[in-house]
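S.K.: The structure under discussion is supplied below as structure tokens; questions concerning it will follow.
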Amino acid sequence: VQLQASGGGLVQAGGSLRLSCGASGNTLSISATGWYRQTPGKQRELVATITSGGSTNYAGSVKSRFTISRDNAKNTVYLQMTSLEPEDTAVYYCASKIIGRPFYDYWGQGTLVTVSS
């Protein structure tokens with residue numbers, strides 16, 4: 001499985017961005033995909049996940065502002081981010097885990113989101 005993240009950029013506080021994570025390879029083996037984020041000096045933080053069945057989970061800090069979704073026909077998972085805050089500034093990574101394995105073993109490259117105040 002290969003993942004390609006895109007959609008980051010610079011946005012003002014209160015604005016919106018949509019990140020995309022395109023998957024290729026053995027995509028039928030993917031059981032869940034998540035978005036993580038990381039800022040310098042901090043641990044990587046789980047932002048949101050979506051299973052192959054469509055179940056979602058969010059970090060409390062983004063729950064009312066971010067929406068994770070998937071387009072199975074395009075093998076793409078999206079993260080719609082609204083009401084962005086400077087604290088959301090980070091490198092965002094998408095990751096997938098496959099059937100039968102508990103960990104997110106497959107990672108895309110990061111995409112930088114910068115929210116200016």
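The values are calculated or read from the model by the stated rules, or taken from the named source; none is laboratory data. Note that the structure is predicted; figures quoted are calculated from it, not measured. FYI the Cβ positions are ideal-geometry reconstructions off the backbone, even for glycines, and counts take in every protein chain you see. The area values use the complete protein model at the heavy-atom level, side chains included, leaving out ligands, DNA and RNA. Shrake-Rupley method; radii C 1.70, N 1.55, O 1.52, S 1.80 Å.
S.K.: Can you name every residue in the stretch 99-117 that is within 16 Å of the chain's Cα centre (by Cα), surrounded by fewer than 18 Cβ atoms within 10 Å (Cβ to Cβ) and of a type outside the set (Phe, Trp, Tyr)?
M.R.: Result: ASP105, GLN109, GLY110, LEU112, THR114.
S.K.: What is the number of the single condition among (1) assigned to a strand (DSSP E or B); (2) over 15 Å from ASN75 (Cβ atoms); (3) out of contact with any helix residue (DSSP H, G or I) (no Cβ under 8 Å at 6 or more places or on another chain) that ARG37 does not meet?
M.R.: It is condition (3) that ARG37 fails.
S.K.: Here's another thing I want to ask about it. Report, by residue number, each residue of the stretch 34-45 that is more than 15 Å from GLY108 (Cβ to Cβ) and open to solvent by 50 Å² or more (accessible area, probe 1.4 Å).
M.R.: Hits for the stretch 34-45 are PRO40, GLY41, LYS42, GLN43, GLU45.
S.K.: Something else about it: Of all residues in the stretch 1-17, which are of a type in the set (Ser, Thr, Tyr), in a loop (DSSP other than H, G, I, E, B) and within 14 Å of the chain's Cα centre (by Cα)?
M.R.: None; the set is empty.
S.K.: Check SER20, SER96, SER64, SER31 and return the single one that is assigned to a loop (DSSP other than H, G, I, E, B) and either open to solvent by less than 20 Å² (accessible area, probe 1.4 Å) or not aliphatic (A, V, I, L, M) (or both).
M.R.: Answer to the check: SER64.
S.K.: Among the residues of the stretch 67-79, which ones are assigned to a strand (DSSP E or B) and exposed (fewer than 15 other Cβ atoms within 10 Å of the Cβ)?
M.R.: SER69, ASP71 - these are the residues of the stretch 67-79 that are assigned to a strand (DSSP E or B) and exposed (fewer than 15 other Cβ atoms within 10 Å of the Cβ).
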